[in-house]
Amino acid sequence: YQVITVASLIEKEARFADDRPLIASVIYNRLAAGMPLQIDATVLYGLGRSSGSLSNADLKTDTPYNTYTRKGLVPTPISMISMDSLRAALNPADTSYLYYVLINADTGEHAFAKTYEEHLKNIEQAKANGAL
């Protein structure tokens, strides 16, 4: 059940099959480190929305699906899953990544980072590209 839940997170976050094992690695690495997952799709799900931007108030709203305010997995899957997402959840990439951000909304490209400092640079790139 937990693998299916992870696969549902991957499904909502990744557009391309190649990104799915990398996103899976971030999820598992953050869980192992005791870090909140901070996945926007889970917050949206908890708010009853499937897409859109999130406000600071949204990120503070207390629901069981708010992975900014709660550590660990959400209580249920948040979407249907594809075989690619299930494979990624079962076979995550072997990385030290703890962060990812969408850096090109048109292509669905993500940037991955091991450190928060690297992540901040990726966020700046995402903003420059208009993805955030």
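Of note:
- Accessible area of the chain divided out per residue, in Å², using a probe of 1.4 angstrom: 55 Å²
- Solvent-accessible area, 1.4 Å probe, carbon plus sulfur percent, for the chain: 51 percent
- Helical content alone sets the calculated 222 nm signal of the chain at -13000 deg cm²/dmol, taking -39,500 (n - 2.57) per DSSP H segment of four or more residues and averaging over every residue.
- Spatially proximal aspartates and glutamates relative to LYS60 (Cα-Cα < 15 Å; intrachain offsets below 8 disregarded): ASP40
- The alpha carbon convex hull volume per residue for the range 1-98 rounds to 90 Å³.
The values are calculated or read from the model by the stated rules, or taken from the named source; none is laboratory data. Treat the numbers as computed from the prediction; the structure is a model and nothing was measured. Ligands, DNA and RNA are stripped out before the accessible areas are found, and what is left, the full protein with its side chains, is counted by its heavy atoms. Shrake-Rupley method; radii C 1.70, N 1.55, O 1.52, S 1.80 Å.
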